[in-house]
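Colleague: First the structure, then my questions, so here it is.
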Amino acid sequence: MINDIKSDAKSRMEKSFEALGHAFAKIRTGRAHPSILDTVRVDYYGSEVPISQVANITIEDARTLVVTPWEKPIVGEVEKAIMKSDLGLNPASAGDVIRVPMPPLTEETRRGYTKQARAEAEQAKVAVRNIRRDALADVKDLLKEKEITEDDDRRAGDDIQKLTDDIVKRIDQLLREKEADLMEV
């Protein structure tokens, strides 16, 4: 029973860590990366779909993405969607290919992205702490129902705390790497 609670908490904490990785991938650095366009949605025959479902996104060089829509008639729609997104990108279409140059980051935008990264990391830590709280509450319920001993309760609490500390340490490490990446000129 305690092992089930611990394994559930571990898997949920790992998911929070993975979600942070995905959130960090969306925070752009000076380099081009296809995941930057993950939030862009394109009007495709009356419905909003992610850009990845209507176009192929590749990296041309360190500062340029190439978006190749699968259908020629939607080139304009894809270009409009990239412009309307709050990413600050200015795409340029050449026939059926759209080039998206990444503007160099100013010191001010770097600081803003760093602040955003810290906020994402803090949200991940809060999620991990909430998972810890839920797991400890489940263990306490088992103790109240006399299904485990106080020693088991204390041991489980220590294990859950170690797991939480480990994940928080990994979150901090990921944040340090992202901040270094963002502040790199």
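Colleague: Using modelled amide H (1.01 Å from N, peptide plane; none on Pro or chain starts), what sits under 5 Å from the amide H of residue 65, excluding residues fewer than 5 places away?
Modeller: Close amide H contacts, sequence-distant or interchain: 60, 100, 102.
Colleague: Set the Förster radius R0 to 25 Å, insert the Cβ-Cβ distance between residue 25 and residue 108 as r into 1/(1 + (r/R0)^6), and round the FRET efficiency to 0.05. If you can, show how the numbers build up before the last one.
Modeller: Working: r = 22 Å, r/R0 = 0.88.
So the FRET efficiency works out to roughly 0.70.
Colleague: May I ask you to derive the FRET efficiency for residue 52 and residue 3 from their Cβ-Cβ distance with R0 = 30 Å, giving the value to the nearest 0.05? Walk me through the numbers before you get to the answer.
Modeller: Values: r = 39 Å, r/R0 = 1.30.
It comes to 0.15.
Colleague: In the chain, with Lys and Arg counted as +1 and Asp and Glu as -1 at Cβ, which of these residues, 123, 142, 65, has the Cα nearest the positive end of the dipole, that is, farthest along it?
Modeller: The Cα lying farthest towards the positive end belongs to 65.
Colleague: Sorted by mean Cβ packing within 10 Å, highest first, what order do the peptides 114-124, 38-48 take? Can you show the working numbers first?
Modeller: Working: 114-124: 16.8, 38-48: 13.9.
Top to bottom by mean Cβ count within 10 Å: 114-124, 38-48.
Colleague: For the Cα atoms of the chain, what angle does the longest principal axis make with the long axis of helix 107-144, in degrees from 0 to 90, nearest 10?
Modeller: Between helix and principal axis, roughly 30 degrees.
Colleague: Straight distance only, please: which lysines reach the Cα of residue 26 with their own Cα at less than 19 Å, same-chain residues fewer than 8 apart left out?
Modeller: Candidates past the 8-residue exclusion: 15, 84, 115, 125, 178.
Colleague: Can you tell me the orientation of helix 75-84 relative to the chain, as the angle in degrees between its alpha-carbon axis and the longest Cα principal axis, to the nearest 10?
Modeller: 60
Here, each number is a calculation from the coordinates, and none is a lab measurement. Here the structure is a predicted model, which is why all the values come from computation and not from measurement. Every residue, glycine among them, receives a Cβ derived from its backbone with ideal geometry; neighbour counts consider all protein chains shown.
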